[in-house]
1. Determine which member of the set PHE81, PHE32 is in contact with a Phe, Trp or Tyr (Cβ under 9 Å, 6 or more places away or on another chain) and of a type in the set (Phe, Trp, Tyr).
2. So which residues in the range 39-53 are among the acidic types (Asp, Glu) and within 15 Å of ASP12 (Cβ to Cβ)?
3. For the range 103-123, name all the residues that are assigned to a loop (DSSP other than H, G, I, E, B) and either more than 24 Å from ALA39 (Cβ to Cβ) or acidic (Asp, Glu) (or both).
4. Which of the residues belonging to the range 45-78 are out of contact with any helix residue (DSSP H, G or I) (no Cβ under 6 Å at 6 or more places or on another chain), of a type outside the set (D, E, K, R) and at pLDDT below 80?
5. Take the residues of the range 17-56 that are of a type in the set (Val, Ile, Thr) and out of contact with any strand residue (DSSP E or B) (no Cβ under 9 Å at 6 or more places or on another chain): which is surrounded by the fewest Cβ atoms within 10 Å (Cβ to Cβ)?
Amino acid sequence: MPKYLLIMRGTDESNAAMMAEIDEMMATTRQFIEETVKAGVLLAAEGLDDPRQGVVVDFSGEAPVVTDGPYGETKELFGGFFLLDVASKQEAVEWAKRVPAAPGSKIEVRRVPGSDEVPQVGA
């Protein structure tokens, strides 16, 4: 079965709304994870730390430049993911619609190509 990555993307506003309701959000997220486990589709799920705690390595110039904090002027930040093993993109979308998310946030659904789909050097 294909794998799909459900990428949680939030804005400063949606992240603040989520933090205001963090206990409820965590409870509904745990319930969602339990449902994906019972359905046998969850491969992995992780949330990320505050983007201000990270760094960015920028390869725009001759040498990589490391800067603190989030991605500059990005309006949406990657906050975590669910990796699902499902039969189709439509099934992944149906799961994505059920992810507990704060108003204003988004879930991006991306297929993870299998190793047999990656171009081979010299092929």
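The values are calculated or read from the model by the stated rules, or taken from the named source; none is laboratory data. All values reported here derive from a predicted model rather than from experimental measurement. When we count neighbours, we look across all protein chains shown, and the Cβ atoms used for this are built from the backbone with ideal geometry, even at glycine.
1. The unique qualifying residue is PHE32.
2. ASP50
3. PRO103, GLY104, VAL118, PRO119, GLN120, VAL121, GLY122, ALA123
4. Of everything in the range 45-78, those that are out of contact with any helix residue (DSSP H, G or I) (no Cβ under 6 Å at 6 or more places or on another chain), of a type outside the set (D, E, K, R) and at pLDDT below 80 turn out to be PRO51, TYR71, GLY72, THR74.
5. Once the filter is applied, the top-ranked residue is ILE22.
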